[in-house]
1. Against the empirical 2.2 N^0.38 Å scaling, what ratio does the C-alpha Rg of the chain come to?
2. Viscosity 0.890 mPa s, temperature 25 °C: Stokes-Einstein D of segment 248-346 from its Kirkwood Cα radius, in µm² per second?
3. Using Cα centres only, tell me the gap between segment 40-96 and segment 146-167 in whole Å.
4. Within 11 Å, Cβ to Cβ, of Ile370, how many net charges do the neighbouring residues add up to if Lys/Arg are +1 and Asp/Glu are -1?
5. Can you give the Rg and Dmax of segment 6-165 based on its C-alpha atoms, in angstrom?
6. Less than 21 Å apart at the alpha-carbon level, and either on another chain or at least 8 residues along: which lysines does that give for Lys153?
7. So how far, in whole Å, is the C-alpha centre of segment 242-321 from the one of segment 411-451?
8. Tell me which residues come under 5 Å, amide H to amide H, from Gly7 once H is placed; ignore anything under 5 positions away on its chain.
Amino acid sequence: MGKIKFGTDGWRAIIDEDFTFENVKVVAQAIADYVNSVKDKEELRGKELIVGYDTRRNSEEYSETVTNVLTANGIKVILTDRVTSTPAVSFAIKIRNLTGGVMITASHNPPNYSGIKYKAFYSGSADPGIIDKIEENLFKSKIKEISLEEAKKKGLLKIDNVITDQLEYVMNYVDMELIRNSGFKVIVDSMYGGGGHYIEDMMKGTSCKVTTIHGERDITFGGISPEPIGKNLKELIRESKEGSYDIGLATDGDVDRIGATASDGMVLNGQHIMALLLWHFVEDRKMTGSVITTVCGTGILKRICEKYGLKLHETPVGFKYICDIMRREDVLIGGEEAGGIGFKNYIPERDGILSGLLLLEMMACRKKPIKKILDDMEKEFGSYHYLKTSIKLTEATKKKFMPYIEKNPPSAVLGKKVIETSTKDGIKFSCEDSSWLIFRLSGTEPILRIYSEAHTEDDARKILEFGRDLATSIK
């Protein structure tokens with residue numbers, strides 16, 4: 001039947017290999033058994049789930065298969081009537097008082113992947129305790145199924161559009177009048193995912209002119225991974241330069257991540273964007289609260305937090321850790337280096353469209369294109385350049401890598417003294433000049449991920465090369 005292994009945000013696998021209809025039924029039955037075991041009234045609510053899906057191959061069919069199993073187990077389901085973003089599914093849990101949600105998506109993974117994300121009753125990534133219980137249920141129970149027609153007859157199924165409510169909330173969250181009157185020229189790359197033409201539609205008939213590329217559905221995603229990073233945004237980069245746009249925005253396959261480009265074609269990664277939006281929240285919006293980043297987060301966040309007296313949390317990689325703190329504390333902004341960001345007074349969930357609109361709001365507040373604002377931020381807080389790479393290891397080397405590096409840590413990186421070592425997630429070496437190097441092992445593949453940050457791109461690249469040389473020297 002193939003393997004089923006949950007990662008940092010659900011289960012993902014290659015379509016027709018491990019991600020089969022039979023395995024989807026197994027996961028759906030495990031989710032059903034979990035929901036039917038819940039006793040807590042706050043979590044259980046009306047014992048109803050939402051099921052949504054992205055633009056990948058077979059996504060509708062997978063969502064219907066999940067629905068067939070859930071409803072056969074006596075669980076009410078709202079099945080989305082169209083391609084839907086992950087944040088829209090999470091938001092529906094909140095406003096419809098649901099037990100949770102199932103999203104058929106592999107997010108930013110290559111086109112041959114699909115996946116299942118489970119969203120909890122608090123409208124965010126399921127915590128490790130919930131995922132553990134779902135995993136424990138795999139292959140335990142006989143799979144039950146009924147058809148969509150039978151589920152409707154039994155009053156267990158409703159097919160509905162949940163996008164409108166979420167987009168209306170997002171448009172009320174930002175100052176749409178300010179954005180619409182800004183006169184900015186914007187290009188949006190939806191990367192053939194769930195972002196469609198939504199941002200363009202919001203600006204129709206206004207002075208803010210938006211052009212969308214790759215807004216249609218393509219199950220191959222144009223032959224690339226729908227991840228908004230430089231190597232996948234070649235057309236957006238070119239159009240940003242040739243079209244003299246004030247900003248380019250890009251959302252990933254299930255619309256929970258954001259990327260951006262400047263008018264000179266420069267790509268703003270998730271680190272740039274989170275720092276910019278934190279600065280916008282405290283300086284322009286005059287908001288307060290704590291800040292959450294991961295071990296891979298940029299040092300500029302620390303500088304901003306120090307200036308404005310904000311508490312800064314550092315978590316392992318994975319939005320579920322950020323979500324956990326957002327549920328317990330007054331958090332202003334929390335996010336990952338990959339462009340997934342959550343915000344105060346919303347839900348503990350990433351949202352690519354909201355992130356993009358907030359960048360437009362910041363530009364409108366300051367009456368400047370994004371490149372000029374980024375330059376202003378670097379003048380005030382310093383320049384930080386972030387890079388990452390991956391190398392393959394043999395299984396034998398993978399097993400011995402972390403024990404070896406912990407026993408034999410470098411005392412300096414490129415002549416910069418290591419002043420702090422953290423093993424919160426992988427191992428991180430922080431240097432006296434604020435540069436750092438991180439090693440993280442993949443939980444599912446024989447891969448070592450290496451991350452670096454420094455004040456110049458050249459130094460960040462040299463640190464990455466230092467890390468690669470160190471890793472390959474271990475036999």
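1. Details: Rg = 22.2 Å, N = 475, 2.2 N^0.38 = 22.9 Å.
It is 0.97.
2. Working: Rh = 13.6 Å.
My calculation gives 180 µm²/s for D.
3. Result: 9 Å between the Cα centres.
4. Numbers: positive: Arg366, Lys368, Lys371, Lys372; negative: Asp246, Asp264, Asp375, Asp376.
Net local charge, Ile370 excluded: 0.
5. 14.0, 39
6. The qualifying lysines are Lys47, Lys76, Lys144.
7. Value for the Cα centre distance between the two parts: 21 Å.
8. Under 5 Å from the amide H of Gly7 lie the amide H atoms of Arg12, each far enough along the sequence or on another chain.
Only the coordinates and a few stated rules stand behind these numbers; no lab work does. Please read all numbers here as calculations on a predicted model, not as lab measurements. Cβ: placed from backbone, ideal geometry, glycine included. Neighbour counts: every protein chain shown.
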